[in-house]
Amino acid sequence: MKTIGHIIGLQIVLFGLISCTHSMDEIEVQSSESSNYIVNYGIEISSGTTRAYTDDLPANERIASLIYLLYDANGDLLKARNIPDIGLETQWPLRRDDAEGGGNMTWGQRLALRDTLLCDQSYTAVFVANASPDLFDGEEILIYRSDDAALGLDQVYLKLPSTRFEDNNMFYLCVQEIPAVTNLPPESSLIDRDHPLDCPIQLKRIVSRTDISRFDYIGQEDPQTAYQTYIRQRVTDDLYSTIEQQYISQDVSDFLELLVSEVSSKTIDNVELSFAFLSFQDDVMAHAPDIATALRQTCLDYLTDRCLLATGLEYQLKDWNGATARLKFGNGMLQADRFYLHTQVAGSEQGEGLIIDYPIDEYGTLSIIGFGNSESSTSINGIQSFSVVPEGESAPIEIRLNDPVQILKGMNRKQTLICNPVATLELGSEITTQNHSATFDLQQIMQDVSSWTQFAPFVEEVLSEQSHGSLTQTTLSLALPDLSASGSVLWNASLESGQ
């Protein structure tokens with residue numbers, strides 16, 4: 001027997017989904033016996049990195065149905081056929097009796113995987129696994145007809161199902177071009193009804209997978225301690241600089257202006273001190289940043305304590321183990337909802353993405369399986385946000401991204417992403433303030449000020465009169481944002497590559 005694998009190229013399509021409301025039918029080729037030949041198909045499943053939820057699943061647990069479509073050179077449908085006896089009892093790869101290792105096809109499979117073709121015609125054979133509507137609650141998945149008329153080959157597509165993929169219904173596809181026998185090399189000329197052409201078909205998975213896990217801020221720490229440590233880091237890195245500039249610096253400046261003004265009124269009649277006052281005043285005001293630095297730790301403690309009480313913040317960082325997620329595609333990057341078999345292009349024809357609830361496993365990993373496109377394409381599958389409902393809860397954790405992040409990149413690829421639900425903090429638009437009393441050592445900060453020794457007694461008088469303590473225990477009331485108040489602090493999520 002001749003082997004078409006040594007004669008023609010194998011065209012593989014990555015990405016698919018399937019369904020048919022019409023029963024598989026067949027349009028027989030009408031021709032004289034002398035112009036026909038027999039083609040025998042053998043079916044293999046490609047190996048490689050799994051996209052299944054369970055590792056190392058055998059083929060009989062991954063393939064639950066198989067459909068064969070045959071098109072002529074003009075892309076018109078000639079035959080459509082369900083291959084029988086595909087299920088848990090199927091032995092893979094499907095081999096005929098004369099194959100190396102012996103045959104394992106059932107009688108029905110041997111008949112269904114044999115076809116009669118015209119010698120002077122070229123064809124395109126399409127094999128799609130897991131396209132049965134029975135695998136998707138009766139939903140049409142393989143769209144090869146419209147209004148009872150067959151679609152052309154370039155119009156045939158697989159539709160994204162409205163239910164989540166499982167290990168036994170992810171799509172596999174092979175598109176095999178079969179040239180006319182008259183165009184084959186001379187050594188292949190002995191192909192006819194009595195000398196079948198052996199055509200190996202290799203099915204490859206055509207859906208891609210994206211795994212999203214929550215950022216682990218806990219590690220080996222106690223969860224509550226880890227939460228406090230992480231929020232303090234976020235307040236320090238994201239909020240403190242802004243608060244220092246907009247609130248703390250202004251209060252410090254007001255305090256020093258009051259201080260020098262009151263000292264001036266007490267020393268205005270002293271000629272010697274009056275001449276030194278201008279330099280003293282400038283030096284004192286120049287130490288405002290030093291006071292702000294001295295207040296940093298006590299302010300951070302206060303701000304962190306208030307932020308820890310912010311409504312919804314701790315819930316935002318709740319673990320995902322056993323939760324349920326729902327995706328939101330947006331900003332012009334729609335979810336790929338179909339895959340055209342012949343052109344190998346995923347696309348979207350819907351206004352909004354399908355609403356699909358994705359269970360998150362016990363390890364906190366959200367696995368999304370669907371159609372992707374070439375890695376250079378950025379027009380589909382852009383996540384704008386998604387929600388996670390923790391196990392045993394009803395309120396969702398809303399994950400909102402500043403910019404869409406593309407998932408399911410490439411075809412038959414696996415992508416790993418890490419989501420940080422509280423990657424950064426920012427001040428909200430509804431700020432309320434609370435007074436916080438902070439203590440610092442003014443004496444130590446001002447000891448290098450010119451004429452400080454002369455003015456220090458007057459400074460201490462002013463501090464006492466204005467209820468600001470003493471030189472070494474100076475107190476200052478700061479109007480700081482109450483980060484526990486609703487709307488005072490906002491959080492932004494991130495979604496980044498995990499590898």
If we keep just the residues of segment 353-368 that are in a strand (DSSP E or B) and surrounded by fewer than 22 Cβ atoms within 10 Å (Cβ to Cβ), which is modelled with the lowest pLDDT?
-> Asp357
Looking at segment 231-238, is at least one residue surrounded by fewer than 17 Cβ atoms within 10 Å (Cβ to Cβ), assigned by TED's automatic domain parsing to the domain that holds Asp337 and not β-branched (Val, Ile, Thr)?
-> yes
Selection count, segment 477-499, where residues are in contact with an Asp or Glu (Cβ under 7 Å, 6 or more places away or on another chain) and crowded, with 20+ Cβ neighbours inside 10 Å | 2
In segment 463-499, residue nearest to Tyr302 (Cα to Cα) [restricted to those that are β-branched (Val, Ile, Thr) and in contact with a helix residue (DSSP H, G or I) (Cβ under 8 Å, 6 or more places away or on another chain)] | Val489
Run Ala346 past the list (1) modelled with pLDDT of 80 or more; (2) in contact with a Phe, Trp or Tyr (Cβ under 7 Å, 6 or more places away or on another chain); (3) part of a loop (DSSP other than H, G, I, E, B) and report the number of the one that doesn't hold.
-> (3)
Do the conditions hold for Ile143, that is, is it in contact (Cβ under 8 Å) with a residue 60 or more places away in the chain, in contact with a strand residue (DSSP E or B) (Cβ under 7 Å, 6 or more places away or on another chain) and of a type in the set (Val, Ile, Thr)?
-> yes
Please tell me if Ser437 is of a type in the set (S, T, N, Q), under 23 Å from Cys299 (Cβ atoms) and in a loop (DSSP other than H, G, I, E, B).
-> no
Assess whether Phe277 counts as being touching a strand residue (DSSP E or B) at 6+ places or on another chain (Cβ under 9 Å) and either exposed (fewer than 14 other Cβ atoms within 10 Å of the Cβ) or not aliphatic (A, V, I, L, M) (or both).
-> no
Which residues, counting only those in segment 127-160, are surrounded by 23 or more Cβ atoms within 10 Å (Cβ to Cβ) and part of a strand (DSSP E or B)?
-> Val128, Ala129, Leu142, Tyr157, Leu158
Screening Val459, Val422, Val388 for residues that are modelled with pLDDT of 90 or more, outside any strand (DSSP E or B) and at negative phi leaves only Val459
Could you look through segment 239-260, keep only residues that are among the hydroxyl-bearing types (Ser, Thr, Tyr) and touching a strand residue (DSSP E or B) at 6+ places or on another chain (Cβ under 7 Å), and pick out the one that is surrounded by the fewest Cβ atoms within 10 Å (Cβ to Cβ)?
-> Thr242
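The values are calculated or read from the model by the stated rules, or taken from the named source; none is laboratory data. Values in this document were obtained by computation on a predicted structure and should not be read as measured data. No Cβ is skipped: glycine too gets one built from the backbone with ideal geometry, and neighbour counts run over all protein chains shown.
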